[in-house]
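J.: Structure below; questions to follow.
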Ligand SMILES: [Fe+2]
Ligand SMILES: [Fe+2]
């Protein structure tokens, strides 16, 4: 068991695919993670599964490692109900979660935007450019910069999970470039393909941050560090100007009304 706890999760799942299924049942999505270098023991810690449920999950994992039958009559839904937990964030972290809410409102409009682009690229060129500007300015320059330059420095112990997040940010920038390339070449299918992939990536990314990364980083922070974080976030907000958030919220609201 010890040996597997210290092994990268992708290798564990390759050797024992059933462990991927067990983790997935407990809402731990390692199978779909593109990096997979986190150690099994870190994954269990990071996901902050309630103790009694963690014990039950570990029993199943151990059974698989020992070549025993770990199947039960419980469905994924039964387990999901037990794992669900309400997360209470500190004020500065809540600010990031609220920023996610605005990003998710834009992401919700992407399928409709893709349909419109496929029907008429030229007629929707401007709205795509504005949406890309929202992604660049609000999601990346403002929100991701707060994470990369400030929050991630407080993460102790497991660098792999931070690397997963940074990798997602990089991929997002790649999809944004692809959208612009599609516009440049007049390729509607490529624009909508890139927008769709950006939406999928960011939806998963935000879920990982809200449910796993933020609670985990916060758990390792002292009250003084949380207070420092708040000061630093306020400084960033000030740097971007008091009307910055309202301007982009207004943009998303406008799009929602037209949808
Ligand atoms: Fe992020
Ligand atoms: Fe984020």
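J.: Given (1) farther than 19 Å from residue 216 by Cα; (2) touching a residue at least 60 places away in the same chain (Cβ under 8 Å), where does residue 150 come up short, assuming only one miss?
T.: Answer for residue 150: the failing condition is (1).
J.: All but one of (1) farther than 30 Å from residue 116 by Cα; (2) within 16 Å of ligand 2 (Cβ to nearest atom) hold for residue 227; which doesn't?
T.: It is condition (2) that residue 227 fails.
J.: Residues of the stretch 171-208 being in contact with a helix residue (DSSP H, G or I) (Cβ under 7 Å, 6 or more places away or on another chain) and outside any helix (DSSP H, G or I), which ones?
T.: 186 - this is the single residue of the stretch 171-208 that is in contact with a helix residue (DSSP H, G or I) (Cβ under 7 Å, 6 or more places away or on another chain) and outside any helix (DSSP H, G or I).
J.: Now for a different question. Is there a residue being surrounded by 14 or more Cβ atoms within 10 Å (Cβ to Cβ) and within 16 Å of ligand 1 (Cβ to nearest atom) anywhere in the stretch 237-258?
T.: Within the stretch 237-258 (the criterion being surrounded by 14 or more Cβ atoms within 10 Å (Cβ to Cβ) and within 16 Å of ligand 1 (Cβ to nearest atom)), the answer is no, since none of the residues qualifies.
J.: Hey, can you tell me all the residues within the stretch 73-91 that are in a loop (DSSP other than H, G, I, E, B) and either modelled with pLDDT of 70 or more or within 30 Å of residue 229 (Cα to Cα) (or both)? Break it down into steps so the answer makes sense when it comes.
T.: To start, the set of residues in the stretch 73-91 that are in a loop (DSSP other than H, G, I, E, B) comprises 73-75, 84-90.
Those that are in a loop (DSSP other than H, G, I, E, B) and either modelled with pLDDT of 70 or more or within 30 Å of residue 229 (Cα to Cα) (or both): 74, 75, 84, 85, 86, 87, 88, 89, 90.
J.: Taking the stretch 5-38 as the search range and keeping residues that are within 17 Å of residue 158 (Cα to Cα) and at pLDDT 80 or above, which one is nearest to the chain's Cα centre (by Cα)?
T.: 28
J.: How do the pairs read when you match residues in the stretch 159-186 that are farther than 29 Å from residue 117 by Cβ and assigned by TED's automatic domain parsing to the domain that holds residue 128 with residues anywhere that are within 16 Å of ligand 2 (Cβ to nearest atom) and not in a helix (DSSP H, G or I), using Cβ under 7 Å and keeping only pairs 6 or more apart or on different chains?
T.: 162/155
J.: Same structure, new question: Could you please tell me which pairs satisfy a Cβ distance under 6 Å, a separation of 6+ or placement on different chains, a first residue in the stretch 14-27 that is surrounded by 19 or more Cβ atoms within 10 Å (Cβ to Cβ), and a second residue that is not in a helix (DSSP H, G or I)?
T.: Note: pairs meeting the criteria are 20/31; 23/30.
The values are calculated or read from the model by the stated rules, or taken from the named source; none is laboratory data. Everything numeric here is computed off the predicted structure, so don't read it as measured data. Positions of Cβ are generated from backbone atoms using ideal geometry, with glycine treated the same way; all protein chains shown enter the neighbour counts.
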